[in-house]
Amino acid sequence: MEQLSTFFGIRPGVTALIGGGGKTSTMYALAEELRRNGSVIVCTSTHILRPPQYPFVPHLEKPLQSGEVVSTGTVDGQKLSMPEQPISELIRFADYVLVEADGSRQLPLKAHAAHEPVIPKEANTVLVVIGVDGLGKPISNVAHRPELYAKICGTTPDAVVTEEMIAKVVATYPRCDGVLINKADDERLIEKAERLASLFSVPVAITAWRTEHPIKALRRTNI
């Protein structure tokens, strides 16, 4: 199957990931694909756990070698926050800079407060991540900022999430160049993801990072 980086047209420069649960796993998957074509920096404009699989470089001073992947940022306990070096400087040291630009407290769905997401102005691609396991459950259980999520949908936090609700909230996001619907771990969830995918007018990937074959389907523009 086609690689995610090719499917979404990821170009050298900055790619940002926003939305719900699965952003970090998606960032790592993209890093492993992109290292075949160059060097990669992974970082965040919010907070992420320090990536154990990549060398940590607190301050980059020379370009990375092709195939190299490193993480950078400001150490905050077990987490990393925004790098001291601006993104405009980081892009001098690697072919690709992947930025987790949103937080969702590991919940599958996300509504944005006024200060969110923190998308670098240099981003040439912004991918929205959605956890399909949020469907069919109360907003209050599966959405970060549930009151705001419910307000956008014109309902209450105890309402059950539908495909149309998710699409309505994503439509309020400041930018969406592609959608990745994650956690489609079985056929039932893949079917749900397919129905949700049909509501978007951008390329949609359906994934399940914990399975042997994580990329389940790739869907071009539907509308």
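Since every read-out is calculated from the coordinates, none of them should be taken as a lab result. Because the structure is a prediction, the values reported are computed rather than measured. A quick note on method: Cβ atoms are made from the backbone with ideal geometry, for glycine too, and the neighbour counts reach across all protein chains shown.
Helix-only mean residue ellipticity at 222 nm, the chain, DSSP H runs n ≥ 4 weighted -39,500 (n - 2.57), per residue, nearest 500. What is it? Kindly include the intermediate steps, with their values, before the conclusion.
Working: 7 runs with 51 residues, N = 223.
Dividing the helical sum by the residues of the chain leaves -6000 deg cm²/dmol.
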- Near the amide H of S39, under 5 Å away, which other amide H atoms are found, from residues 5 or more places off or on another chain, if H is placed in the peptide plane? G67, D95, Y96
- Just add up the charged neighbours of G21: K/R +1, D/E -1, any other residue whose Cβ is under 9 Å from the Cβ of G21. +3
- Task: Would you grab the residues whose amide H sits under 5 Å from the one on N182? Only those 5+ places off in sequence or on another chain, please, with H modelled 1.01 Å from N.
- Result: I130, G131, V132, T207
- Task: Have a look at E116, E191, E147 and tell me which one the Gaussian network model of the chain (Cα, springs below 10 Å) gives the largest fluctuation.
- Result: E191
- Task: Quote the charge dipole size of the chain about the Cα centre in Debye, to the nearest 20; the model charges only the Cβ of Lys and Arg (+1) and of Asp and Glu (-1).
- Result: 200 debye
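With an 8 Å Cα cut-off and a minimum separation of 6 or more residues, compute the relative contact order for the chain in percent.
In percent, rounded to a whole number, it is 21.
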- Query: Hey, rough spin-label estimate for R195 and T74, points 7 angstrom out along Cα→Cβ, what's it come to in nanometres?
  - Reply: 4.4 nm
- Message: Tell me the angle of helix 187-197 to the major Cα principal axis of the chain, expressed in degrees between 0 and 90 and rounded to the nearest ten.
- Response: 90 degrees
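Restrict the search to the stretch 22-94; then list the trypsin sites (Lys or Arg not before Pro) that DSSP places in a loop and that have at most 14 other Cβ atoms within 10 Å of their Cβ.
Values: sites: K23, R35, R36, K79, R92; in loops: R35, R36, R92.
When the trypsin sites (Lys or Arg not before Pro) of the stretch 22-94 are filtered for loop state and at most 14 Cβ neighbours within 10 Å, R36, R92 remain.
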- Query: Under a plain spin-label model, where a point goes 7 Å from the Cα along Cα-to-Cβ, how far apart in nm are H47 and H213?
  - Reply: 3.9 nm
- So, with points 7 Å from each Cα along the Cβ direction, the Q65-V118 label distance in nm works out to 3.2 nm
